[in-house]
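Asker: Would you mind keeping the following structure in view while I ask a few things?
The values are calculated or read from the model by the stated rules, or taken from the named source; none is laboratory data. Note that this is a predicted model, so its numbers are computed, not measured. Ideal geometry is used to build each Cβ from the backbone, glycine not excepted, and the neighbour counts take in all protein chains shown.
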Amino acid sequence: MNLYAIRAIYVFEMSRTWRTLLQSIVAPVISTSLYFIVFGGAVGPHMNAINGVSYGAFIVPGLIMLSLLTLSVANASFGIYFPRFAGTIYEILSAPASPFEIVCGYVGAAASKSIMIGVIILVTARFFVAFDIAHPVWMASFLILTSFAFSLFGFILGIWADGFEKLQLVPLLIVTPLTFLGGTFYSIDMLPPFWRTVTLANPVVYLVSGFRWSFFGASDVGVGVSLGMTVVFLILCLIIVSWIFRTGYRLRA
């Protein structure tokens with residue numbers, strides 16, 4: 001394995017984060033803090049506890065997952081799209097680096113950024129609401145698995161997109177709405193039976209539910225199902241990435 005190639009790509013992508021610190025880290029943390037202020041501080045005291053958890057604490061895992069999904073997709077998709085747009089992708093493809101090493105560099109950097117921001121938001125949330133983490137190891141596992149899975153998805157999106165409009169299309173019209181409708185601000189048990197059944201078709205429900213279980217020990221769906229759905233999505237993305245490099249889809253055109 002060419003560790004120098006992985007390190008070169010990883011360091012280059014991470015350095016872009018430090019150059020755009022306000023946009024990459026400060027802005028997402030401030031945006032999420034506003035949710036805590038509005039929903040946790042203003043709305044929360046007027047809401048009933050959900051599964052024995054105050055509303056302010058209940059939305060913490062959902063808001064972290066909201067940031068995690070959107071940032072993982074955005075970081076990974078832009079990271080691979082820009083070399084394609086600038087034409088420098090051919091230098092990467094001709095370098096002595098395998099597809100696995102290229103993916104490790106880009107996806108590893110995108111996932112690292114998302115995990116870092118998720119941890120910062122988790123720490124920031126303690127300034128607004130009080131909560132405990134019942135299963136910290138599982139919380140970290142869901143955090144890492146979800147970051148890598150959606151960074152891979154973002155990598156696929158960055159290769160598929162042939163313009164900045166398409167680059168924003170999927171995150172804005174699919175990922176963000178699914179996250180809002182995936183139990184970020186509510187429990188799906190609060191929905192009527194028909195809509196609860198419909199909501200179970202939303203894959204984000206399983207991610208949010210499993211992550212919330214790691215905090216409070218209660219979830220809308222079984223934690224095993226949540227973990228299984230996350231792993232299946234990760235494997236599916238790996239298969240698609242493997243096919244892209246095998247066929248050269250939108251890489252050699």
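Asker: What number of residues within region 26-43 satisfy the criterion of being of a type outside the set (G, A, S) and touching a Ser or Thr at 6+ places or on another chain (Cβ under 7 Å)?
Answerer: The qualifying residues number 3.
Asker: Among the helices (runs of 4 or more DSSP H) lying completely within region 24-135, list those that include at least 2 residues that are aromatic (F, W, Y).
Answerer: Filter on region 24-135 gives 55-86, 99-125.
Asker: So T32 passes all but one of these: (1) closer than 18 Å to L66 by Cβ; (2) over 18 Å from the mean Cα position of the chain (by Cα). Which condition number does it fail?
Answerer: (2)
Asker: Search region 197-220 for residues that are without any contact (Cβ under 8 Å) to a residue 40 or more places away in the chain and within 12 Å of G182 (Cα to Cα) and pair each with any residue that is of a type in the set (D, E, K, R) and surrounded by 20 or more Cβ atoms within 10 Å (Cβ to Cβ) when their beta-carbon atoms are under 7 Å apart and the residues are at least 6 apart or on different chains.
Answerer: So the pair list comes out as V205/D220; S209/D220.
Asker: crowded, with 22+ Cβ neighbours inside 10 Å and hydrophobic (A, V, I, L, M, F, W, C): does that describe L251?
Answerer: Considered against the rule, which asks whether it is crowded, with 22+ Cβ neighbours inside 10 Å and hydrophobic (A, V, I, L, M, F, W, C), L251 comes out as no.
Asker: Among the residues of region 1-25, which ones are within 24 Å of V123 (Cβ to Cβ) and modelled with pLDDT under 85?
Answerer: R16, T17, W18, R19, T20, L21, L22, Q23, S24, I25
Asker: On to the next question. Out of region 21-36, which residues are surrounded by fewer than 12 Cβ atoms within 10 Å (Cβ to Cβ) and of a type in the set (V, I, T)?
Answerer: I30
Asker: Has region 154-177 got at least one residue that is surrounded by fewer than 22 Cβ atoms within 10 Å (Cβ to Cβ), within 21 Å of Y55 (Cβ to Cβ) and among the aromatic types (F, W, Y)?
Answerer: Checked region 154-177: no residue is surrounded by fewer than 22 Cβ atoms within 10 Å (Cβ to Cβ), within 21 Å of Y55 (Cβ to Cβ) and among the aromatic types (F, W, Y).
Asker: Any idea which residue in region 84-121 is nearest to the chain's Cα centre (by Cα), counting only those that are surrounded by 17 or more Cβ atoms within 10 Å (Cβ to Cβ) and modelled with pLDDT under 90?
Answerer: Across region 84-121, the extreme among qualifying residues is R84.
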